[in-house]
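Accompanying notes for the structure given below.
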């Protein structure tokens with residue numbers, strides 16, 4: 001599994017959970033992470049919808 005966090009371009013910070021910790025979600029592929037964003041998966045975390053970048057913590061070949 002790949003571990004992803006998301007950077008909100010509007011906030012210029014990582015998206016965080018209710019405890020203020022950087023949100024980390026696991027997905028099988030980079031495409032799955034993209035689909036999570038497109039399906040509104042970040043909306044419950046205060047996402048501003050002004051652009052998002054993904055950060056993969058454990059894929060050295062990622063973008």
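Read the figures in this text as sums done on the coordinates, not as results from a lab. What you see is a predicted model; the values in this text were computed from it and never measured. Every residue, glycine as well, gets a Cβ built from its backbone with ideal geometry; the counts of neighbours run over all protein chains shown.
Read through the labelled values [x] 8.4; [y] 4.1; [z] 3.8 and report the label of the one computed as mean projected area of the Cα convex hull in nm² from the structure.
[y]
With the crude spin-label approximation of a point 7 Å out along Cα→Cβ, what separation in nm comes out for residue 1 versus residue 28?
1.3 nm
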